[in-house]
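What follows is a short report on a single structure.
Please treat every number below as a calculation from the coordinates, not as lab data. This one's a predicted model, so the numbers in the text were calculated from it and none came from an experiment. Every residue, glycine among them, receives a Cβ derived from its backbone with ideal geometry; neighbour counts consider all protein chains shown.
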Amino acid sequence: MKLFQRIFFAVLLAGLISGAVLAAIQAWRVTPLILAAEVYESAEPAHEHDAAAAVPEHHHDAAAWAPADGFERTGLTVLADILTALGFAFILAAVSVLTGIPVTATNGVIWGLCGYLTFQLLPAFGLPPELPGMPAADLVSRQVWWWATALATATALFGIAKFRSWPAVAIGAVLLLLPQVIGAPVIPDEASSVPAHLATSFAASALTASAAFWLVLGPAYGWLSERLARATEPLTKRVLA
């Protein structure tokens, strides 16, 4: 029971800390780019009258709910970042327990880098972060490829870390490259309403925010786990240590 409590509190605190970092960076670098893209997305394209008459207009659902700009939108974004961070922190703890590889303050950075490679960087090679108004492939196809890439990456990194042999490295390299060789779902050949420089800046900023998040989450969880483990040790054991 003490082990579960220690893991739970370490996850909770590490998730809150890393989530706050993620929310701060997103508010500084990512959200302004999303707001700028929404201006292009909502702008009416200029068409000739005959072309406009030939092609029916697309209208958004007026009943669709969206948070109001300002405090409501910012608050919900921060809440989503915190919940996302807690979810990843629980995944990190679960993987550590199931594999028997502890997360410590020393190797926390490596764990963070592995999380970043698994869930952000390698999937982004085929499916980079997208702004509103950008053309995208079929949603189900994207989700299948993303999960397959994440699972292949996680399996490769686990095999390399656990077995530390040349066969494990070779198999891991194949697993890392396989999703990229297969290729992500093809984006339809459609004009984007978002300027290229805005899309590039968004992808770079989103990946940077994710990197900062993982590099905080890994060491924070490792340090908290060690600290809480030491706090729950019997007093005599701590004195002898």
Fill in: Given charges at Cβ of Lys, Arg, Asp, Glu: the chain dipole, positive-most of LEU177, GLY126, ALA161
ALA161
Worksheet entry | Helix-only mean residue ellipticity at 222 nm for the chain, each DSSP H run of n ≥ 4 adding -39500 (n - 2.57), per residue, nearest 500 | -23500 deg cm²/dmol
Fill in: Extension gain from ALA211 to SER42, taking 0.36 nm per residue of separation minus the Cα-Cα distance
57.8 nm
Discussion item. At 30 angstrom or more along the helix axis (alpha-carbon based) and mean Kyte-Doolittle of 1.0 or higher, what helices does the chain contain? Whole DSSP H runs only.
Written reply: 2-25, 71-99
Worksheet item: Among residues other than VAL194 whose Cβ falls under 14 Å from its Cβ, what is the net charge (Lys/Arg +1, Asp/Glu -1)?
Response: -4
Discussion item. What does the net charge come to around THR208 if you take all other residues with beta carbon closer than 15 Å to its beta carbon, with K and R at +1 and D and E at -1?
Written reply: 0
Worksheet item: Given a Förster radius of 45 Å and the C-beta distance between VAL169 and LEU79 as r, what FRET efficiency does 1/(1 + (r/R0)^6) yield to the nearest 0.05?
Response: 0.65
